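What follows draws every value from the coordinates through simple rules; no lab data is involved. Small disclaimer: the values here were computed from a predicted structure and weren't measured. Quick reminder, even Gly has a Cβ in these numbers, built from the backbone with ideal geometry, and neighbours come from all protein chains shown.
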């Protein structure tokens, strides 16, 4: 196997490479609205995926995601990119069924065994998810990018959306924040190898067990936290559900090293773009410190689920997530309130 370092090909990777959400919103607003009697979820609520009802028993969840490398090793990159793409299906309570590989790769600049390693990593993660790889598409391009187009299934009555939050729900986040900061620290030589590897392990972790818990308790509102950061995705959830979400920064699960990096000024560019996206729609508490604010805007790659749980079920859901579901960092981070002027309140 080649020891080629994929990070040598990029300045920013993973979900931090996404287009600014402000610019994306301007583009999407100009597109015609898609209407069909079987369309359960389109682009209007900016949900994690589109959903099409096939019959009374089955709805299809369809999504795609790809990005540049977040790590040096091809196999690990494939695992993380696949886990990230599959996450949209899990966030809606579904089960992945079929996938296609999406690969952009320069055969003249990168050894071909790296190409194979990326595909193998993606394949193994898809198998872990219980889905099938049916092929894909590759073009010559540099720097490399990899991801999946994914089809999943869910019972129409069991669909979970970002518009399903109710006032009074408790908010639970299942993975720690700060992966974008840690990866930026790695690029700047500020992060220890063990810290980086710990972050990569969380990025490889499927949100499969979290989705199973949501279905066990018949939850209705959730999203996953990726490139637009906790606040960006929470804002879209609040707007879609017509509630205000109150998030308590002191309760957030996070990598301790990420706060230290933020204090040293290691703030990825994507965090500033995400802050610009949410600041007009967020009330920031007067005692909120700057590092916690930027942590909430940090672009996550293959981040956790943000789920809305009825208050009387929150303690039980949290306990199962932390033990049986293998998500020990899960935490209650806030609550949903009746809609006020702003979508978010962060203290």
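For residue 30 and residue 127 in one chain, what is 0.36 nm times their gap in residues minus the Cα-Cα distance, to one decimal in nm?
On the way: separation 97, 0.36 × 97 = 34.92 nm, distance 3.82 nm.
Separation in residues times 0.36 nm, less the Cα-Cα distance, equals 31.1 nm.
Between residue 272 and residue 341, how high is the FRET efficiency from 1/(1 + (r/R0)^6) when r is the Cβ-Cβ distance and R₀ = 22 Å? Nearest 0.05.
With a Förster radius of 22 Å, E is 0.35.
Mind checking the full-extension length gain between residue 138 and residue 218? Use 0.36 nm per residue of separation minus the Cα-Cα distance, one decimal, nm. Walk me through the numbers on the way to the answer.
Values: separation 80, 0.36 × 80 = 28.80 nm, distance 3.91 nm.
Between residue 138 and residue 218, full extension yields 24.9 nm more.
Assuming a viscosity of 1.306 mPa s and a temperature of 10 °C, what translational diffusion coefficient in µm² per second does Stokes-Einstein assign to the range 96-152, Rh being the Kirkwood radius over Cα pairs?
137
Reported to two decimal places, what Rg/Rh ratio describes the range 73-171 when computed on Cα atoms with Rh from the Kirkwood expression? The partial results should precede the final answer.
Details: Rg = 16.1 Å, Rh = 14.6 Å.
We get a ratio of 1.10 for the range 73-171.
Between Rg and the Kirkwood Rh of the chain, both from Cα atoms, what is the Rg to Rh ratio?
Over the Cα atoms of the chain, Rg/Rh equals 0.95.
Counting only DSSP beta bridges with both residues in the chain, tell me the antiparallel percent, nearest 5. Mind dumping the intermediate values first?
Values: 41 of 56 bridges.
So the antiparallel bridges in the chain amount to around 75 percent.
Calculate the length of the line joining the C-alpha centroid of the range 105-156 to that of the range 56-75, in whole Å.
Answer, in whole Å: 9.
Please work out how much length the chain gains when fully extended from residue 155 to residue 312, using 0.36 nm per residue of separation minus the C-alpha to C-alpha distance, in nm with one decimal.
Additional length available on full extension: 54.0 nm.
Can you give me the P(r) profile for the range 145-246? Cα pairs, bins 5 angstrom wide beginning at 0, each as a whole percent.
Calculated P(r), rounded to whole percents: 2, 10, 17, 19, 20, 14, 9, 6, 2, 0.
May I have the extent of the alpha carbons of the range 6-158 along their three principal axes, as whole Å values ordered from largest to smallest?
48, 36, 21
How far apart, in nm, are two points set 7 Å out from the Cα along the Cα-to-Cβ line at residue 287 and at residue 4?
5.3
Go ahead and run the numbers for FRET between residue 324 and residue 45, Cβ-Cβ distance against an R0 of 22 Å, rounding to 0.05. Don't jump to the answer; show the numbers that get you there.
Numbers: r = 31 Å, r/R0 = 1.40.
With a Förster radius of 22 Å, E is 0.10.
Using the Kirkwood formula on the Cα atoms of the range 170-346, what hydrodynamic radius do you get, in angstrom to one decimal? Can you show the working numbers first?
Numbers: mean 1/r = 0.0618 Å⁻¹.
Over the range 170-346, the inverse of the mean reciprocal pair distance is 16.2 Å.
Label the range 284-347 by shape, choosing from rounded, prolate and oblate, from the square roots a ≥ b ≥ c of the eigenvalues of the Cα gyration tensor; if a/c is under 1.5 it is rounded, and otherwise prolate applies when a/b is larger than b/c, oblate when it is not.
Working: a/c = 2.28, a/b = 1.38, b/c = 1.65.
Oblate shape, in that a/c is at least 1.5 and b/c is the bigger or equal ratio.
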